[in-house]
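Here the structure comes first, spelled out in structure tokens, and everything after it is commentary.
No lab work stands behind these numbers, since they all come straight from the coordinates. Being a predicted model, the structure only gives us computed values, none of them experimental. Methodologically, a virtual Cβ is constructed for each residue, glycine included, from the backbone with ideal geometry; neighbour enumeration extends over all protein chains shown.
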Amino acid sequence: MTQFEKGDAVFAATTIVNDGSVPGYPEDQVFAEPGTMGMLVNTGHLEEDPSQEVLLVGFKDADGQLALVTCLPDEIVAEPPVTH
């Protein structure tokens, strides 16, 4: 299970893009580039695969509105990724 708790600040480990599952945003909308901070809203699992954990993360969109995005655990880290 995840090391995170609801309300934790989290960071995108990779580019997070709408795969069409987030209503109100175009498919391929970029929600977060690596290092973008978001907030963990909730955790859960896939109904069809209870062993697959998912994280509901809020990222601010270009208009400053909170976009709630479902992420996989390897897409989110506790600290911003280090870039060189």
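Results, tabulated for the structure shown:
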quantity: Positive-pole candidate from L40, C71, P26, dipole of the chain, charges at beta carbon; calculated: L40
quantity: Distant-in-sequence amide H partners of D8 (H built 1.01 Å from N, under 5 Å); calculated: L40
quantity: Residues whose placed amide H lies under 5 Å from that of F31, excluding near-sequence neighbours; calculated: I16, V17, N18
quantity: From phi via Karplus (6.51, -1.76, 1.60), per-residue ³J(HN,Hα) for segment 8-22 in Hz, x at Gly/Pro; calculated: 5, 6, 10, 10, 5, 8, 8, 5, 9, 10, 5, 8, x, 8, 9
quantity: For L68, L46, order by how many other beta-carbon atoms lie within 10 Å, fewest first; calculated: L46, L68
quantity: Stretch gain in nm, segment M37-T15, where the contour uses 0.36 nm per residue and the Cα spacing is subtracted; calculated: 6.7 nm
quantity: Per-residue Cβ neighbour rank within 10 angstrom, fewest leading, E79, E47; calculated: E47, E79
quantity: For K60, distant residues with modelled amide H under 5 Å away; calculated: A67
quantity: Cα centre as origin, Lys/Arg/Asp/Glu Cβ charges: the chain dipole, Debye; calculated: 320
